[in-house]
Each structure stands twice: as C-alpha cells, then as structure tokens.
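Asks: Handing you a structure now.
The values are calculated or read from the model by the stated rules, or taken from the named source; none is laboratory data. All figures in this text were calculated on a predicted structure; none of them were measured in a lab. Here Cβ is always computed from backbone atoms with ideal geometry, including for glycine, and neighbour counts include all displayed protein chains.
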Amino acid sequence: MKRSISLLALAAIIITSMGIATGASMAPKSASANLKAEHGSKESGTATLSAVGAKTKVVVSVSGEPAGASQPAHIHSGKCNPDSALGGVVYPLSNVVGGKSTTWISAPLATVLSKGTVINIHKSKTEIAKYVACGTIK
Ligand SMILES: [Cu+2]
C-alpha cells in the first residue's frame, strides 16, 4: 500500500512537471523585426523583443540615423506598407538616439505580440507623419 501511494505521487510529480515544461515552451521567448528604410531615409536595422518574466525588453538598433536626431518609435498595429495601412500606437518605445533605443514594456511578450504587429520609426517629433524605417514583427 505504501509503495503504490509513492508510485502515484511520483506519477503526479512527473505529469505536473511535464505540464509546466509544456507551458513554458509554448510561451514565446523572443521575436524580431527587420527595419527597412522608408521614403529614402537610408535608415535600417533590427529590433529584438525578448521575454523577461512578465516584461518585454525591446532593443532597436539602426544605422543611418542622422547625427543628433531623436526619433520617436512605436509598436503599432497594422502593416508597414502602404503608409495608410499603419495602425495606431500600441506600445510607445524610447526615442531612437544614435541609432539605439531600449524599452522595457510592462507586459509579457505574448501580450505584446497579440496586439502589436510592426515597429515604426518616425523622422522626428515635429515630423511625426514622416516614417523613416519600419519592420514587421516576426
Ligand atoms: Cu509610431
């Protein structure tokens, strides 16, 4: 009797741990976007989204940003092209300065991916309607 109980306990532990492992592997760990130059900006690069617990770290790295520029960047819904297909801002990102931007979003990566579809960089705060780079999150 004692032995059958411990076997049952062992089976329960194995099944539970398998469930936890399956759940962990289903949650996305990272995603990225190829940021392509738009409207002759010559600005392109990558964005990497990483799951860090319940938060998401977004790192943007581009080359070709004009010196001294501070460019607004966001995760948007919609598509990169044409411009009219771009949806609203889902998560704002830190401005891109010197080709770099790092943002911590207080939401899990799975949530970010369920709402946002592209990363878009704008020319400047005053020329927000001009897009210099955009990429689909994959
Ligand atoms: Cu934007």
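Asks: State which residue pairs qualify: first residue among the β-branched types (V, I, T) and inside segment 75-104, second residue surrounded by 18 or more Cβ atoms within 10 Å (Cβ to Cβ) and not in a strand (DSSP E or B) in any location, beta carbons under 7 Å apart, and separation of 6 or more residues or different chains.
Replies: I75/V112; I75/G116; V90/G116; V96/E65
Asks: Starting from segment 116-130, take each residue that is modelled with pLDDT of 95 or more and list its partners that are of a type in the set (F, W, Y) and part of a strand (DSSP E or B), counting only C-beta distances under 8 angstrom and pairs at least six apart or across chains.
Replies: Close Cβ pairs (under 8 Å, with a partner that is of a type in the set (F, W, Y) and part of a strand (DSSP E or B)) amount to G116/Y91; N120/Y131; I121/Y131; H122/Y131; K123/Y131.
Asks: What do you reckon, is T46 β-branched (V, I, T), in contact with a helix residue (DSSP H, G or I) (Cβ under 7 Å, 6 or more places away or on another chain) and at pLDDT 95 or above?
Replies: Values: β-branched (V, I, T): yes; in contact with a helix residue (DSSP H, G or I) (Cβ under 7 Å, 6 or more places away or on another chain): no; at pLDDT 95 or above: yes.
No; evaluated as a whole, the condition is false for this residue.
Asks: Residue under question is I119, and the condition is that it be within 11 Å of the ligand (Cβ to nearest atom) and assigned to a loop (DSSP other than H, G, I, E, B); does it hold? Quick ask: steps written out before the conclusion?
Replies: Details: within 11 Å of the ligand (Cβ to nearest atom): yes; assigned to a loop (DSSP other than H, G, I, E, B): no.
Against the criterion (within 11 Å of the ligand (Cβ to nearest atom) and assigned to a loop (DSSP other than H, G, I, E, B)), I119 does not qualify.
Asks: So, in segment 55-99, of the ones that are away from the ligand (no atom under 11 Å from the Cβ) and among the hydroxyl-bearing types (S, T, Y), which residue ends up surrounded by the most Cβ atoms within 10 Å (Cβ to Cβ)?
Replies: In this case the residue turns out to be T56.
Asks: For W104, work out the one condition from (1) more than 14 Å from E38 (Cα to Cα); (2) within 11 Å of the ligand (Cβ to nearest atom); (3) aromatic (F, W, Y) it doesn't fulfil.
Replies: So W104 meets the others, but not (2).
Asks: Select from segment 47-99 the residues that are basic (K, R) and part of a loop (DSSP other than H, G, I, E, B) and list them in ascending order.
Replies: Of everything in segment 47-99, just one residue is basic (K, R) and part of a loop (DSSP other than H, G, I, E, B), namely K79.
Asks: Please verify whether I137 is within 11 Å of the ligand (Cβ to nearest atom), crowded, with 16+ Cβ neighbours inside 10 Å and β-branched (V, I, T), treating the condition exactly as stated.
Replies: no
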